[in-house]
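I have placed the structure first, in the form of structure tokens, so that the comments after it can refer back to it.
The values are calculated or read from the model by the stated rules, or taken from the named source; none is laboratory data. Predicted model only: the values in this text are computed from it and were never measured. With ideal geometry, Cβ positions are generated from the backbone for all residues, glycine too; neighbour counts draw on all protein chains shown.
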Amino acid sequence: MKVRSYARIHQSKECLSSLGEIRYRSLFGGYSLTVGNVVFAMVSEGELYLRACEQTEVYFVKKAPEPLLYNKRGRTIELNYYRVDEGLWSDQQKLLELSTGALHSAQREKSRQKSQQRLKDLPNLTHSLEMMLWEAGIADVRTLQAYGAKRAWIKLKNMKKGLGVRVLLALAGAICGMHEAALPAAMRRELVEWGHIYEKRHMR
């Protein structure tokens, strides 16, 4: 079966070469096909499957193709990929058109995922701190950056008065993309002084 899959991978790379450099690696018991680390197709048991997208959905709905199935711990999972049949293989232009749509759709989704980075993925931010920020109305990275460390800390402080200056430093580090211990000494000193002054004025 591997021989058939390798032959199909080679055929796919030749037919779809205009998409860019196509690479493959083991995935879900088969092989993923990628361009620039973006998966747009799968090869399993000698068959090519295209990733579902608006273009492929329109085409494949009429054809009622076989979805890609993956067995995991005795459970069969239907993946969002459709098999390329011989009719589509014989229509190289259509195959390239659908493959291009699948690739562009996957690229857009990957781009959206990057822009929707979770707060807890930032340095210093734990899951519990992320939950507190959500409760304070700061639900994403862009909002945190817009607020800045001081304003965000004040919002958290109003919710939980016991929060110390260490959290302020953690927020500043998260926004700067570094561990709070690595903050420049001048910035760290200014934040600590400001935080203590704020606590004296507002937390009596």
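Among the residues here, residue 156 qualifies as modelled with pLDDT of 90 or more and more than 30 Å from residue 12 (Cβ to Cβ). Residue-level check: of (1) buried (at least 21 other Cβ atoms within 10 Å of the Cβ); (2) assigned to a helix (DSSP H, G or I), residue 138 misses just (2). Scanning segment 61-79 for residues that are in contact with a Pro (Cβ under 9 Å, 6 or more places away or on another chain) and either of a type in the set (A, V, I, L, M, F, W, C) or surrounded by 13 or more Cβ atoms within 10 Å (Cβ to Cβ) (or both) yields a single hit, 79. Residue 4: in contact with a Phe, Trp or Tyr (Cβ under 6 Å, 6 or more places away or on another chain) and either basic (Lys, Arg) or more than 19 Å from residue 103 (Cα to Cα) (or both), yes or no? The answer is no for residue 4. For segment 113-153, filtered to residues that are among the charged types (D, E, K, R) and at pLDDT below 90, the residue that is farthest from residue 193 (Cα to Cα) is 114.
Among the residues making up segment 178-204, those that are in contact with a Gly (Cβ under 9 Å, 6 or more places away or on another chain) and either in contact (Cβ under 8 Å) with a residue 60 or more places away in the chain or aliphatic (A, V, I, L, M) (or both) are 181, 182, 183. Residues in segment 150-204 that are surrounded by 11 or more Cβ atoms within 10 Å (Cβ to Cβ) and among the β-branched types (Val, Ile, Thr) were compared, and the one that is nearest to the chain's Cα centre (by Cα) is 175. All told, residue 101 meets the bar of being part of a helix (DSSP H, G or I), surrounded by 15 or more Cβ atoms within 10 Å (Cβ to Cβ) and assigned by TED's automatic domain parsing to the domain that holds residue 16.
Any chance you could count how many residues in segment 1-30 are assigned to a strand (DSSP E or B) and out of contact with any helix residue (DSSP H, G or I) (no Cβ under 6 Å at 6 or more places or on another chain)? Residues that pass the stated criteria total 5.
In segment 165-177, of all residues being small (Gly, Ala, Ser) and touching a residue at least 40 places away in the same chain (Cβ under 8 Å), the one that is nearest to residue 119 (Cα to Cα) corresponds to 174. Among the residues of segment 35-90, just one is hydroxyl-bearing (Ser, Thr, Tyr), assigned to a helix (DSSP H, G or I) and more than 25 Å from the chain's Cα centre (by Cα), namely 59.
Of all residues in segment 152-164, those that are in contact (Cβ under 8 Å) with a residue 24 or more places away in the chain and under 16 Å from residue 130 (Cα atoms) have Cβ atoms under 7 Å from Cβ atoms of residues that are assigned to a helix (DSSP H, G or I) and of a type outside the set (A, V, I, L, M), 6 or more apart or on another chain, in 159/135.
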